[in-house]
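Structure first, commentary second.
The values are calculated or read from the model by the stated rules, or taken from the named source; none is laboratory data. Computed from a predicted model, the values in this text were never measured in an experiment. We place every Cβ from the backbone using ideal geometry, glycine too, and count neighbours over all the protein chains shown. Areas reflect the complete protein model, heavy atoms only, side chains present, ligands, DNA and RNA absent. Shrake-Rupley method; radii C 1.70, N 1.55, O 1.52, S 1.80 Å.
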Amino acid sequence: MKGSIDDDLMDPDQKYNKMSLLSHWKGAKDFAKAQVQVVVVLIIAYMGNNWPKSYHRNENHNETMFWAMNIALVIAGLCTLTHDKNCSNRGVQLLSRAQTEEWKGWMQWAFIMYHYYRMYSVYNEIRVFVSAYVWMTGFGNFLYFDKKKDFSLERGISMWIRINYFPLLLSFFIDVKLELYYVVPLHTAGFFVTMATCYLSHLLEKPTQWSSTKRNLVAIMVCLLVHIVFYETPAVNVLKIFGDEYHFRFQADKYSAWVGIVSGFVWFKFKEYMQWCYAVEVQAWQQTAAMWAQRFGGVGMIALWYGLFGHMKDKFTYNPVHPYVFWMPVAGWLMIRNSSKYLTELHMGAMEFFGRITLETYVLQFHVFMCNKVQHIPVIIPGADKDGTLFVKTLNMLLCGSIFVGLAFWARQITVTTQTSMTELVSLLWRGPPPPPPANEAEEGKSLVTDQAPVSSNGETKESV
């Protein structure tokens, strides 16, 4: 009784501060549900990884099926082709969100089929795809930080969870080294390198009074210098502490995020060109000429890369030059893909869907679509072993693929829920709960409640009854 009297006499602000921080955590229930669900996903992944019947994937090499599955994706993409005129309401959009997801989707599809069908001959192209992913990390986050100036703890934690939460759980639960998911640390490092570069530019604003362009340029050059000092000297050998795989993978993409940052820095110039060339309905001959020059230039960039480097059969010959030349086919693709206003407004829904779950499909492919830490092909349908017919083996692949994609989609939903709820909790712990309502508003609300007549279960006031 005494406790309730003391609470009544307590100042409203004291009452508010007495409440547990956790009581302000709106996402607590969603977080708890997500953790229960992720256990189910991990159990399924564990079962898939240790599937009792399988055969080594080296015996699954099939060049024809690799190309057939990629053609199937193109057909699915054409069947889900969407033309969104509204995306040009703010001008012609170069590399829109939908187009980015589409790009990620078809690269990821090829990447997985490369693993499944042991398509050795496209190794160099797959290396470009991986670098394109890391390029996007530098590019997209530079545009975000340059515009939003959001260098908060919440932003850093949010992105760390989005990239690392599920892979870390999977690595621990299935007992595999994180280096198997090497793209995860590449993305994580790329994000924080970009964040640090943009933050340096932000710090230079007050003491120097430089323009945004000058500050960004200085920060980018400092970032490049750090990259050179680390990657082009024996200092890079510190990565061997974490393992030889990290040492190789980080060197293969040592400049990918930085090139993405530079691309974000000069992006406004490309956007100005896009408005000049494609925003008008009726094009002058100069614009038509520029459009076709862009297309031929894109084809030329890809052809030049392939003619000089991409054709190399020995990956140990290609790997050392890759970090310096990967940007050529990336630039060529973007030039072709955005070579008209109509093309910028198009995207393929099937590829976009697949692009939204790239992180989850990347890590789960090793344990569900394939098994035994990506070394084997699981056999669910009887007769789909290494000596099975192509028809039965294809049915087995489609069944495994359906389970794999469904599980990846579920894992993404769980990760996003965890990301959102944990970011909210970090904000509460770091900044405290939101301020309480003003005392006069609280008293007015209390009087409104006490002045109302009691309400019955049917919604009518007892006075009216």
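Each of MET370, MET348 has its accessible area taken with a 1.4 Å probe; listed largest first, they run MET348, MET370. Across region 165-176, computed HN-Hα scalar couplings (Karplus, 6.51 cos²θ - 1.76 cosθ + 1.60, θ = phi - 60°) run 3, 5, x, 5, 4, 5, 4, 6, 5, 8, 6, 10 Hz from first to last residue, x flagging Gly and Pro.
I need the shape label for region 380-431. Rule: rounded when a/c is under 1.5, else prolate if a/b > b/c, else oblate, with a, b, c from the alpha carbon gyration tensor. Please list the in-between numbers first.
Details: a/c = 7.88, a/b = 5.87, b/c = 1.34.
Note, shape of region 380-431 comes out prolate.
How large, in percent, is the carbon and sulfur part of the accessible surface of region 31-89 at a probe radius of 1.4 Å? Of all accessible area on region 31-89, carbon and sulfur atoms account for 65 percent. Taking a straight Cα-Cα cut-off under 20 Å and skipping sequence neighbours fewer than 8 places away in the same chain, the lysines within cross-link reach of LYS206 are LYS147, LYS148, LYS149, LYS214. Each of MET422, ILE43, SER339 was placed along the dipole of the chain (beta-carbon charges, centred on the mean Cα), and the one lying farthest toward the positive end is SER339. Backbone amide hydrogens, once placed in the peptide plane, bring HIS347 within less than 5 Å of THR82, ASP84, excluding anything fewer than 5 places away on its chain.
How would MET65, MET47 rank on accessible area, largest to smallest, probe 1.4 Å? Present the calculation step by step, with values, prior to reporting the outcome.
On the way: MET65 20, MET47 110 Å².
Descending accessible area places them as MET47, MET65.
Only DSSP H runs of four or more residues enter the estimate; each adds -39500 (n - 2.57), and after division by the residues of the chain the mean residue ellipticity at 222 nm equals -21500 deg cm²/dmol. Rounded to whole Å, the principal axis extents of the Cα atoms in region 14-118 read 71, 54, 19, largest first. Counting only protein heavy atoms and a probe of 1.4 Å, the accessible surface of region 90-214 is 62% carbon and sulfur. Taking θ as phi - 60° and the Karplus parameters 6.51, -1.76 and 1.60, the scalar couplings of region 310-321 work out to x, 6, 4, 7, 8, 5, 6, 7, 6, 3, x, 8 Hz in sequence order, x denoting glycine and proline.
What shape does region 260-416 take by its C-alpha gyration tensor, where a ≥ b ≥ c are the square roots of the eigenvalues and a/c under 1.5 counts as rounded, a/b above b/c as prolate, and the rest as oblate? Could you put the intermediate results ahead of the total?
On the way: a/c = 2.38, a/b = 1.82, b/c = 1.31.
Prolate.
Working from Cα positions, state the angle (0 to 90°, nearest 10) between the long axis of helix 63-79 and the longest principal axis of the chain. In the chain, helix 63-79 runs at an angle near 50 degrees to the longest axis. Just so you know, the averaged projected area of the alpha carbon convex hull for the chain sits at 34.2 nm².
Given the options ALA72, LEU364, HIS227, identify the residue whose Cα lies farthest towards the positive end of the charge dipole of the chain (+1 on Cβ of Lys, Arg; -1 on Cβ of Asp, Glu). Going by the charge dipole, the pick is HIS227.
What trypsin sites (Lys or Arg not before Pro) does region 294-330 have in DSSP loop regions with at most 15 other beta carbons within 10 Å?
Within region 294-330, the qualifying trypsin sites (Lys or Arg not before Pro) (loop, at most 15 other Cβ atoms within 10 Å) are LYS313.
The alpha carbon gyration tensor of region 287-338 gives principal lengths a ≥ b ≥ c with a/c of 1.5 or higher and a/b greater than b/c, which makes the shape prolate.
Over 18 Å between C-alpha atoms is what I'm after, so list which of LYS53/LYS373; LYS177/LYS373; LYS53/LYS386; LYS313/LYS373 land there. Walk me through the numbers on the way to the answer.
On the way: LYS53/LYS373 14 Å; LYS177/LYS373 10 Å; LYS53/LYS386 11 Å; LYS313/LYS373 26 Å.
As for pairs spanning more than 18 Å Cα to Cα, those are LYS313/LYS373.
For region 173-254, the alpha carbon convex hull comes to 109 Å³ per residue, rounded to a whole number. Here, region 256-320 has an Rg and a Dmax of 16.6, 50 Å when only alpha carbons are counted. Tell me, how many Å apart are the Cα centres for region 20-84 and for region 329-352? Rounded to whole Å, the Cα centres lie 25 Å apart. For region 298-408, with all protein chains in place and a probe radius of 1.4 Å, 73% of the accessible heavy-atom surface sits on carbon or sulfur.
Taking θ as phi - 60° and the Karplus parameters 6.51, -1.76 and 1.60, the scalar couplings of region 212-218 work out to 4, 4, 5, 5, 4, 5, 4 Hz in sequence order, x denoting glycine and proline.
Measuring with a 1.4 Å probe in the full set of protein chains, what accessible area per residue, in whole Å², belongs to the chain? Don't skip to the end; give the middle numbers.
On the way: 24340 Å² over 465 residues.
Normalised by residue count, the accessible surface of the chain is 52 Å².
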